[in-house]
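**Q** Sharing a structure with you now.
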Amino acid sequence: MNNTPLQAYRRLIAQAWIPIFVDDALDTDILCEGCRLAGLAAIEYTLRRRDARKIAPSLRKRFPRTVILMGSTVDSDEIVKERQSRFPQLMTLSELAPYVDGFVSMLPYSDETLKTYRSTHLCIPTAESGGEALRQIKAGAACVKVLGPDLTLTRRLHALPTFNYCPTYITGGVTPERMEEVFEAGNILCATGFDVILKGIEPANLTPKTVAERICLFANAAKRARDAVYPTLKDIDSLSDEAFLLALPNYCGIR
């Protein structure tokens, strides 16, 4: 199932929270099966994970009805190709494009890249300043990633003089206990790595059922907290595209 950017964004917003496949010792097949059991609408795989090059071509088969984001991307073919000798799992955006619905990065994207992919993929680059966030949203980013657990930049991006234009996706230290403050600070989406989601569980004891239970714990906490802060986003699956866009609290350039 290939999602349009608007379809993909709707499914992200509906879920409110995204699990991230990070560089850990956890079994990929068990994590994937746990995601399927939990009925997730969206996941983020990352190029930090050492099997990413091997797994990327199979992601649509593994998750035919799921929005797939690829994280830890780098907006430079030249740098990616040079780094592949040390990090062979790295792939360029053009290599990844057929396999995923969107790209996430811990780095900013150039205007050129955002304008290239905005009509086909969700782009979620990181911003470390207000100016960087505005530039990337204007160029076509669906939202900007902010790095937690600190909420200072999030609060600055959603301060009254910004008119709350900027949709933000926060990662880093997002646990069920912090969901309320994460959304009250202004974020519309959040994400957590499986190293945090499954903390305290020995890899040898991991099962798809255990993964699904932990996923549901995080996802349900996020949905409750987000819907309390943004009540217009409750039950948005039933809205038309036009009504969905009107219900969003932030600017959305996706059409």
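**Q** So, of the residues in segment 1-28 that are open to solvent by less than 40 Å² (accessible area, probe 1.4 Å) and of a type in the set (Val, Ile, Thr), which turns out to be nearest to the chain's Cα centre (by Cα)?
**A** Across segment 1-28, the extreme among qualifying residues is Ile18.
**Q** Sticking with this one: Would you check which residues across segment 174-184 are open to solvent by less than 40 Å² (accessible area, probe 1.4 Å) and out of contact with any strand residue (DSSP E or B) (no Cβ under 8 Å at 6 or more places or on another chain) and list them?
**A** Pro176
**Q** Tally the residues that are open to solvent by less than 50 Å² (accessible area, probe 1.4 Å) and small (Gly, Ala, Ser), restricting the search to segment 87-104.
**A** The qualifying residues number 2.
**Q** Being more than 30 Å from Thr120 (Cβ to Cβ), out of contact with any His (no Cβ under 6 Å at 6 or more places or on another chain) and hydrophobic (A, V, I, L, M, F, W, C), is that true of even one residue in segment 228-235?
**A** yes
**Q** Taking segment 36-46, which residues are surrounded by fewer than 22 Cβ atoms within 10 Å (Cβ to Cβ) and of a type outside the set (Lys, Arg)?
**A** Leu37, Ala38, Gly39, Ala41, Thr46
**Q** How about segment 8-49: which of its residues are farther than 26 Å from Glu202 by Cα and touching a residue at least 60 places away in the same chain (Cβ under 8 Å)?
**A** Ala8, Tyr9, Arg10, Leu12, Ile13, Ala14, Gln15, Ala16, listed by residue number.
**Q** Looking at segment 232-248, is at least one residue farther than 13 Å from Arg10 by Cα and without any contact (Cβ under 8 Å) to a residue 60 or more places away in the chain?
**A** yes
**Q** Within segment 139-171, restricting attention to residues that are without any contact (Cβ under 8 Å) to a residue 12 or more places away in the chain and not in a loop (DSSP other than H, G, I, E, B), which residue is surrounded by the most Cβ atoms within 10 Å (Cβ to Cβ)?
**A** It comes out as Thr152.
**Q** Let me ask another. Within segment 229-250, does at least one residue satisfy the condition of being among the small types (Gly, Ala, Ser), more than 23 Å from Pro19 (Cα to Cα), in a helix (DSSP H, G or I) and open to solvent by less than 50 Å² (accessible area, probe 1.4 Å)?
**A** Yes: segment 229-250 contains one or more residues that are among the small types (Gly, Ala, Ser), more than 23 Å from Pro19 (Cα to Cα), in a helix (DSSP H, G or I) and open to solvent by less than 50 Å² (accessible area, probe 1.4 Å).
**Q** Condition check: crowded, with 22+ Cβ neighbours inside 10 Å and among the small types (Gly, Ala, Ser). Does Ala56 satisfy that?
**A** When the stated conditions are applied, Ala56 does not pass them.
**Q** What are the pairs with Cβ atoms under 7 angstrom where one residue, in segment 50-65, is in contact (Cβ under 8 Å) with a residue 12 or more places away in the chain and closer than 17 Å to Asp23 by Cβ and the other, located anywhere, is in a loop (DSSP other than H, G, I, E, B) and open to solvent by 60 Å² or more (accessible area, probe 1.4 Å)? Sequence gap at least six, or different chains.
**A** As it stands, the answer is Arg50/Asp23; Arg53/Pro88, since those pairs meet every condition given.
**Q** Given the structure, is Leu217 at pLDDT 95 or above, open to solvent by less than 10 Å² (accessible area, probe 1.4 Å) and farther than 24 Å from Ala141 by Cβ?
**A** Criteria not met by Leu217.
**Q** Filter segment 105-131 down to the residues that are touching a residue at least 24 places away in the same chain (Cβ under 8 Å), open to solvent by 50 Å² or more (accessible area, probe 1.4 Å) and not in a loop (DSSP other than H, G, I, E, B) and list them by number.
**A** Selection gives Asp111, Lys115.
**Q** Right, here's the next one. Cβ-Cβ distance below 7 Å, separation of 6 or more or different chains: which pairs start in segment 67-86 with a residue that is modelled with pLDDT of 95 or more and end on one that is open to solvent by 90 Å² or more (accessible area, probe 1.4 Å)?
**A** That search, which allows pairs on different chains as well, returns Ser72/Arg48; Ser72/Met106.
The values are calculated or read from the model by the stated rules, or taken from the named source; none is laboratory data. Since this is a predicted model, take the numbers as computed values, not measurements. Ideal geometry is used to build each Cβ from the backbone, glycine not excepted, and the neighbour counts take in all protein chains shown. For accessibility, only protein heavy atoms count, side chains too; no ligands or nucleic acids. Shrake-Rupley method; radii C 1.70, N 1.55, O 1.52, S 1.80 Å.
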